[in-house]
Amino acid sequence: MTMRYQIESCQRTFQKGYGHFIHQTPLWKLPGKALGVDCAEVWLKLEHLQTGGSFKARGMLNRLLSNTIPASGVIVASGGNAGIATAAAARELGVRCEVFVPEVSSLAKRAKLVALGAELVVTGAAYSDALQACLARQQQTGALLTHAYDQPEVVAGAGTLALEIEQQVGLPDAVLVSVGGGGLIAGIANWFEQRSRVVALEPALAPTLFNAREAGQPVDVAVSGIAADSLGAKRIGNLGWAATQAHVRDALLLSDEAIRSAQLWLWKELKLAVEPAAALPLAALHSGAYVPRADEKVCLIICGANLDPATLNT
């Protein structure tokens, strides 16, 4: 079964019984000049309005629906967003949920997890530490493990975002996507294949894909910086690596300063309150890391909004 078929099947499942949970998020078309960019159009895919505040709800619900869930429920390690999405999906299905987050996770994300009824465990300095603790716990309880980015059901769920874009407005010339562990870009790249140019964007302080490409294989990297709670995977996932090797030519790095500037611009100019990870696509345009053609239609994936609104005050 091809990944494109899995994505289509996943969307049908969502539409048949879970349209109240997985929303068709808006796509906002603007002339490039409205964002200070010299291109024909910029499409903002407002996935931060998804259930749980990020694209992650798509993959996590698909993972739960595709498997038998034991009495011990589901378990996940996350920088925050995957945990929130898993907790929301678990509540929708009426099953237990245990979430392991690292100390770098934001207080806003932790509070949301508790509000969703998850059993929260804060452990380790980084996502990789929380993941190891989660895996050890899963061996004890037998709970269904939901991986933040490296399971086929999770990737297929993320891919419904790309299918949805095509159904809404057709094919963009380019799609700019933030990369952490690679689940989102794997879904998007597997859907668009090479019909649209998919561009991978990472913080310079969390270069999992960029360093893997330099090494010729996935490698561990040190992660830090403004987007570490969302894009803090220590190593690109196997599915993300395979998809980007097949379908993604460009992997670009962005400074924390460029990311923060774009995040504040989205708030001040468009009143979009999004987390740093969601600002990388605009940062790529504003910083000149990605220079579109004048006639280009560029789609920015605005992937998440789980932040403390106070951080937008300057």
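Points to keep in mind about this one:
- Order by protection proxy (mean Cβ within 10 Å, highest first), peptides 176-187, 119-130: 176-187, 119-130
- Charged side chains reduced to their Cβ positions (Lys and Arg at +1, Asp and Glu at -1) give the chain a dipole of some 520 debye around its Cα centre.
- Listed peptides 20-28, 75-83, 61-69, 139-147 by packing density, highest first (mean Cβ within 10 Å): 75-83, 61-69, 139-147, 20-28
- Of the residues G124, A246, G94, the one whose Cα sits farthest toward the positive end of the charge dipole of the chain, with +1 on the Cβ of Lys and Arg and -1 on the Cβ of Asp and Glu, is G94.
- Summarising the strand pairing of the chain, around 20 percent of its internal DSSP beta bridges are antiparallel.
- Overall form of region 209-314 per C-alpha gyration tensor (a/c, 1.5; a/b vs b/c): oblate
- For region 56-145: rounded, prolate or oblate by the Cα gyration tensor [a/c cutoff 1.5]: oblate
- Only lysine pairs 8 or more places apart or on separate chains count here, and in region 30-129 those with Cα atoms under 19 Å apart total 4.
- Using just its DSSP H runs of length 4 or more, each adding -39500 (n - 2.57), the chain gives a mean residue ellipticity at 222 nm of -13500 deg cm²/dmol after division by all residues.
- Crossing angle, helix 3-17 versus the chain [Cα axis fit, 0-90 degrees, rounded to tens]: 70
Computed from the coordinates by the stated procedures, all read-outs in this text should not be read as laboratory data. This structure is a prediction, so every number in the text was calculated from the model and none was measured. All Cβ positions, glycine included, derive from the backbone under ideal geometry; neighbour counts span all protein chains shown.
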